[in-house]
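Here the structure comes first, spelled out in C-alpha cells, and everything after it is commentary.
The values are calculated or read from the model by the stated rules, or taken from the named source; none is laboratory data. These numbers come from a predicted model, not from an experiment. Here the Cβ positions follow ideal geometry from the backbone for every residue, glycine too, while neighbour counts run over all protein chains shown. In case anyone asks, the SASA skips ligands and DNA or RNA and just uses the protein heavy atoms, side chains included. Shrake-Rupley method; radii C 1.70, N 1.55, O 1.52, S 1.80 Å.
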Amino acid sequence: MTDVYTGLKKKLDTIKKASLYRKLLPITFTCPTHGYINGRDVLLFCTNNYLGLTHHPQVIEASIRATERFGTGAGASRLISGHSHLYEELEDTLAWFKGTEKALVFSSGYTANVGVITAMAGKNDLIFSDRLVHASIVDACILSRAEKRPFPHNDMDFLKNSILSEKANVQRLIVTEGVFSMDGDIAPLKELADISLQNDCLLMVDDAHGTGVMGEGGRGTADSLGVGKNIDIHIGTLSKAIGLVGGFVAGSRDLILYLINKARSFVYTTALPPGVIAAATTAIKLLETDPLLIKRLRSNIRLIREILVSGGVNLPPGETPIIPVLLGNERKALNISRALLENGIYIPAIRPPTVPKGMARLRVTVSAAHLETELEKTAMLLIELSRKEGIID
Ligand SMILES: *Cc1c(COP(=O)(O)O)cnc(C)c1O
C-alpha cells in the first residue's frame, strides 16, 4: 500500500521536473466569456464555447423545463430504459442538421470516437489517421486492435501512397478532423473524399470544432467545402459550440443501427440527463433560427485577426475560431500568458507534448459572446507583449 504511494510520488516528481505537471484551476463563470479566477474577474479567450450558448436564455429554459418534468438523470443505459422521446427528437434534429439518414448520440465526443472506431475496425483492419488527430481517436485506434497507419498532417500524397502499398481485402478506415484543435486549420476534405472513394475506404471526419461554427447554419466543415454527402461517418460534439455535453455520429441508417448493436461505449453507459438532451435540441435549432450567432462569431474572428496581423503578429491564414499565435519558445509563451493574466485576460500557453517541440503557442479561441472592445483590448495587449518578448519588431 505505502509502496504504491511512494511510487506515485516519485512519478509525480518526474513530471514536475520536466515542467509538465498539470493542475486544476477553479473558475467561477459569470457569462460565456468571463469568470472569477482567484477572486478576480478575468476575460477568457480559451473556451470552446464559440457561440456563447451555455448562457442562452432559451437553452437554459429548455434544460430547466426538461429537468423539472423528467428528472435529473436518465436512470439507465439507452438500450434498457434510458431512451426517450427527447432523444428521438434530438437525433432526428441532428440527422436533419448534418443531412444524413440518421444520427446517434453518445455520452461525449470521446466515447463517440471510441465506440465508432472500435465497432468499425478490428484486428487485421487498417486505420489511416492524420498525425494531429485528437487523443480520443488515438485511444480508439489502440483499443480497436486494428493496424495503424498514421499520415503526416494533411499530406494527401503520403496517404494515397500509404493506401496503395497496403492490402485491400480488409476494412480500411480513414480518420481525420474537420477543424484541427491546436492549429485551427482545416482538412482537405474534398481530396480525402476522392481518395476514399477511389480506394473503397470508409471516411470518418471528427468535426468537434467545426460543429455550429463552419458551413451554412453551422452544419460543419464538410458542408462548408460542399462535401457533406461524401463523408461516410460524421462525428460531432454537443460540448463545444453547442454548449452542453455529449457526442454524436451521423451517417447512413445501417451505420447507426449497427452502432446501436456494436458500439460498446454506447451500449454500456448510462444515457445523458433529460435536461442536456432537451437543451441540445433547442441549441441546434437556434443555429438556424438565430443566424446572428454565427455571423457575430465570424465577424469577431475577422476583427481580432485583422488587428493582430496589422500589428505585425504572424498568423497562418484561417477562418476558424482557433487562432494559434506561434511563439516557438516555451518560456516566452509562458511569460506572455502570465503577463496577460496580470492584465485580467486568460490565454493559456500550449507547450509540448500537446504541440510539437519548438511550436509553443498561445491558443486564442474566439466566441460570438466577446465584445468588440474586448477583442481590441486583447489584440493590442498581445501585440505589445509580443514586442516586449522580441517576437515581433
Ligand atoms: C473535444 C474533442 C473531442 C472530445 O469531445 P468531448 O465531447 O469533449 O468528449 C473529440 N474530438 C475532437 C477533435 C475534439 O476536439
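Just grab the label-to-label distance for ASP200 and LEU371, each label 7 Å out from Cα along the Cβ direction, in nm (one decimal).
Result for the modelled spin labels: 6.1 nm.
Answer rounded, prolate or oblate for region 158-302, using the Cα gyration tensor with square roots of eigenvalues a ≥ b ≥ c: rounded when a/c is under 1.5, else prolate when a/b is larger than b/c, else oblate. Kindly include the intermediate steps, with their values, before the conclusion.
Working: a/c = 2.36, a/b = 1.30, b/c = 1.82.
Here region 158-302 falls in the oblate category.
Any idea how far the Cα center of region 36-90 sits from the one of region 235-292, in Å?
Here the two parts' Cα centres lie 12 Å apart.
With both bridge residues required to lie in region 55-289, what share of the DSSP beta bridges run antiparallel, to the nearest 5%? Please report the intermediate quantities before stating the final value.
Working: 11 of 26 bridges.
Within region 55-289, antiparallel bridges account for around 40 percent of the total.
Would you mind telling me the share, in percent, of accessible area of region 283-390 contributed by carbon and sulfur at probe 1.4 angstrom? Could you put the intermediate results ahead of the total?
On the way: 2730 of 5050 Å².
Reported share for carbon and sulfur atoms: 54 percent.
Select from SER63, SER19, SER196 the residue whose mean-square fluctuation is largest in a Gaussian network model of the chain (Cα-Cα springs shorter than 10 Å).
SER19
Can you put HIS134, HIS209, HIS34 in order of accessible area, largest first, using a 1.4 Å probe? If you can, show how the numbers build up before the last one.
Values: HIS134 75, HIS209 10, HIS34 35 Å².
Largest accessible area first, the list is HIS134, HIS34, HIS209.
Leaving out ligands and nucleic acids, and using a 1.4 Å probe, what accessible area per residue does region 76-117 come to in Å²?
38 Å²
For ASN314, project a label point 7 Å along Cα to C-beta. Then give me every residue of region 321-352 with its amide nitrogen under 12 Å of that point.
326-329
Ordered by residue, what ³J(HN,Hα) values in Hz, to whole numbers, does region 116-124 give under the Karplus form 6.51 cos²θ - 1.76 cosθ + 1.60, where θ = phi - 60° and Gly and Pro are x?
Rounded to whole hertz, the list is 5, 5, 6, 7, 8, 9, x, 3, 6.
Share of antiparallel DSSP beta bridges in the chain, in percent to the nearest 5?
Details: 26 of 43 bridges.
Counting DSSP beta bridges with both partners in the chain, the antiparallel share is about 60 percent.
At 7 Å along Cα-to-Cβ for each site, give me the label-to-label distance between ASN169 and SER77 in nm.
Label-label distance for ASN169 and SER77, simple model: 3.5 nm.
Which ³J(HN,Hα) values in Hz, rounded to whole numbers, follow from the phi angles of region 44-60 under the Karplus curve 6.51 cos²θ - 1.76 cosθ + 1.60, where θ = phi - 60° and Gly and Pro get x?
9, 10, 9, 8, 9, 7, 4, 10, x, 5, 4, 10, 6, x, 5, 6, 4
Where in the chain lies the longest segment free of chymotrypsin sites (Phe, Trp or Tyr not before Pro) that are both loop residues by DSSP (not H, G, I, E, B) and have at most 16 other Cβ atoms within 10 Å?
22-267
Top mean-square fluctuation among ALA241, ALA279, ALA121, Gaussian network model of the chain, C-alpha springs under 10 Å?
Its mean-square fluctuation being the largest, the pick is ALA121.
Just add up the charged neighbours of LEU326: K/R +1, D/E -1, any other residue whose Cβ is under 15 Å from the Cβ of LEU326.
On the way: positive: ARG305, ARG331, LYS332, ARG351, LYS357, ARG361, ARG363; negative: ASP183, ASP185, GLU330, GLU389.
Counting the neighbours of LEU326, the net charge comes to +3.
If every alpha-carbon in the chain counts as one equal scatterer, what log10 I(q)/I(0) does Debye give at q = 0.09, 0.10, 0.13 1/Å?
Debye output, listed in q order: -0.57, -0.71, -1.18.
In percent, how large is the relative contact order of the chain, given Cα pairs closer than 8 Å and 6 or more residues apart? Each step should come with its number before you reach the end.
Working: 751 pairs, mean separation 84.8, N = 393.
In percent, rounded to a whole number, it is 22.
7 Å from Cα along Cα→Cβ at both ASN124 and ARG264: what's the point-to-point distance in nm?
2.0 nm
Can you list residues whose amide H is under 5 Å from PHE106's amide H, if they're 5+ apart or on another chain and H is modeled 1.01 Å from N?
Counting only residues 5 or more places away or on other chains, the set is GLY247, PHE248, VAL249.
Please state the shape class of region 55-289: rounded when a/c is under 1.5, otherwise prolate if a/b exceeds b/c and oblate if not, all from the C-alpha gyration tensor.
Judged from the Cα gyration tensor, region 55-289 comes out prolate (a/c at least 1.5, a/b above b/c).
Just subtract the alpha-carbon distance of GLU101 and GLU89 from 0.36 nm times their residue separation and send over the number in nm, one decimal.
2.9 nm
Amide H neighbours of SER129 under 5 Å, at least 5 residues apart or on other chains, H built in the peptide plane: list them.
Amide H neighbours of SER129: ARG149, PHE151, VAL175.
For region 1-102, what's the relative contact order in percent, using C-alpha pairs closer than 8 Å and at least 6 residues apart?
Contact order relative to length: 10 percent.
Given H placed 1.01 Å from N in the peptide plane, which residues other than close sequence neighbours of ASP206 have an amide H under 5 Å from its amide H?
THR176, GLU177, GLY178, ILE235
Which of the lysines could be linked to LYS10 by a straight reach, that is with a Cα gap under 18 Å, when you skip same-chain ones fewer than 8 residues away?
The qualifying lysines are LYS23.
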